[in-house]
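The values are calculated or read from the model by the stated rules, or taken from the named source; none is laboratory data. Quick caveat: nothing in here was measured; it's all calculated off a predicted structure. Here Cβ is always computed from backbone atoms with ideal geometry, including for glycine, and neighbour counts include all displayed protein chains.
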Amino acid sequence: MKIIVAMKQVPGRDSQLRVRADAKWIDESDLSFEINEPDAYALEEALQLKEKNGGEVVAACVGPARASQTIREALAKGADRALHVEVDDLAGWDTLGTARLLAKAAEGEKPDLILTGLQSDDLGYGQTGVVLAELLGLPHGTIIMAVEKTESGIRVKRELEDGWFQHVSLPLPAVLTIQSGINKLRYATLMGIKKAKTKEIKRLTPNELGVDAAPAAVIGRVFLPQRIKQTQLFEGSAREAAAKLVEKLKFEVRVL
């Protein structure tokens with residue numbers, strides 16, 4: 001079974017974010033970066049499927065040159081090789097454009113399964129995996145909690161609302177978006193880090209893939225939320241003031 005895992009490099013969670021001068025995205029000049037956590041769970045699921053059923057895990061990443069750090073980490077954890085679609089400014093690519101790049105990169109690989117994280121930590125759209133499946137014309141499942149190989153394809157467990165789950169059988173090839181937290185993430189071993197240095201990373205460009213960068217959707221403006229302090233006094237007796245306070249906390253602040 002050949003599995004492609006779509007991975008993204010995102011700003012570290014502890015990073016101090018500043019808006020870029022053009023207000024189109026955040027200033028990335030002094031940020032630290034890491035693997036998008038939902039994608040790390042997709043990678044872990046792919047590695048476990050490989051350990052059970054054999055095959056190959058290929059990490060696929062769209063991003064600038066610095067994303068090679070994320071790719072090397074995936075290789076150190078156990079991915080066999082990688083595809084790196086190099087784009088200088090990932091913020092200029094919308095979901096459709098990114099999915100087109102991944103689709104073109106995946107076409108030549110003819111994978112049995114493509115896994116993505118549920119969403120990215122920076123934008124959180126949760127659309128790339130679904131759009132990728134549509135572009136490739138493949139069946140897909142979202143919010144996947146478990147994957148089992150069967151004789152006819154795969155059987156997956158989907159998370160629904162209010163603690164409900166859905167079990168679905170899918171033919172292969174297919175695309176799945178993996179729910180975060182379904183497995184315990186592994187650490188890269190020292191041997192894995194050494195082996196990662198010799199594993200293949202195939203570098204591609206949008207021009208080589210024949211994908212146009214013109215986005216269908218653009219970010220109009222990025223801004224930090226305004227912090228506003230406000231004091232409100234409740235008149236009346238202590239009982240009446242307490243009742244008004246409870247009402248505010250329950251229906252406006254929504255903490256009760």
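If you check residue 185 against the conditions, is it assigned by TED's automatic domain parsing to the domain that holds residue 67 and either in contact (Cβ under 8 Å) with a residue 40 or more places away in the chain or loosely packed, with under 13 Cβ neighbours inside 10 Å (or both)? Full working, then the answer.
Working: assigned by TED's automatic domain parsing to the domain that holds residue 67: yes; either in contact (Cβ under 8 Å) with a residue 40 or more places away in the chain or loosely packed, with under 13 Cβ neighbours inside 10 Å (or both): yes.
Yes; evaluated as a whole, the condition is true for this residue.
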Tell me yes or no: at least one residue of segment 243-255 is assigned by TED's automatic domain parsing to the domain that holds residue 83, of a type in the set (Val, Ile, Thr) and part of a loop (DSSP other than H, G, I, E, B). no
Looking at (1) buried (at least 20 other Cβ atoms within 10 Å of the Cβ); (2) modelled with pLDDT of 95 or more; (3) touching a strand residue (DSSP E or B) at 6+ places or on another chain (Cβ under 6 Å), find the lone condition where residue 80 falls short. (1)
Just to check your reading of the model, which residue among 19, 5, 57, 85 is crowded, with 19+ Cβ neighbours inside 10 Å, more than 30 Å from residue 151 (Cβ to Cβ) and of a type in the set (Val, Ile, Thr)? 85
When the residues of segment 22-49 are filtered to those that are aromatic (Phe, Trp, Tyr) and surrounded by fewer than 22 Cβ atoms within 10 Å (Cβ to Cβ), which remaining residue is farthest from residue 77 (Cα to Cα)? 25
Out of (1) in contact with a Ser or Thr (Cβ under 9 Å, 6 or more places away or on another chain); (2) surrounded by 13 or more Cβ atoms within 10 Å (Cβ to Cβ), the one residue 12 does not meet is (2)
Looking at the structure I just gave you, is residue 116 buried (at least 22 other Cβ atoms within 10 Å of the Cβ) and either of a type in the set (S, T, N, Q) or not assigned by TED's automatic domain parsing to the domain that holds residue 43 (or both)? yes
Would you say residue 42 is modelled with pLDDT of 95 or more and outside any loop (DSSP other than H, G, I, E, B)? yes
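State all residues of segment 137-171 that are among the aromatic types (Phe, Trp, Tyr) and in a strand (DSSP E or B); if no residue qualifies, say none.
From segment 137-171, those among the aromatic types (Phe, Trp, Tyr) are 164-165; that's our starting set.
Selection gives 165 alone.
Could you check segment 135-150 and list, in sequence order, the residues that are within 17 Å of residue 96 (Cα to Cα) and either touching a residue at least 12 places away in the same chain (Cβ under 8 Å) or among the aliphatic types (A, V, I, L, M) (or both)?
Of the residues in segment 135-150, the ones within 17 Å of residue 96 (Cα to Cα) are 135-138, 140.
Listed by number, the residues that qualify are 135, 136, 138, 140.
Going by what's in this entry, would residue 153 be described as on the phi > 0 side of the Ramachandran plot and either outside the structural domain of residue 73 (by TED's automatic domain parsing) or touching a residue at least 12 places away in the same chain (Cβ under 8 Å) (or both)?
Answer is yes for this residue.
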Would you check if residue 198 is surrounded by fewer than 13 Cβ atoms within 10 Å (Cβ to Cβ), within 24 Å of the chain's Cα centre (by Cα) and assigned by TED's automatic domain parsing to the domain that holds residue 88? no
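Being in contact with a Leu (Cβ under 8 Å, 6 or more places away or on another chain), assigned to a loop (DSSP other than H, G, I, E, B) and under 30 Å from residue 63 (Cβ atoms) is the filter here, so list the residues in segment 204-234 that pass it. I'd like the intermediate steps shown before the answer.
Restricting attention to segment 204-234, the residues satisfying the condition of being in contact with a Leu (Cβ under 8 Å, 6 or more places away or on another chain) are 204, 206, 209, 211, 215-217, 224, 234.
Next cut, assigned to a loop (DSSP other than H, G, I, E, B) only: 211, 215-217, 224, 234.
Listed by number, the residues that qualify are 211, 215, 216, 217, 224.
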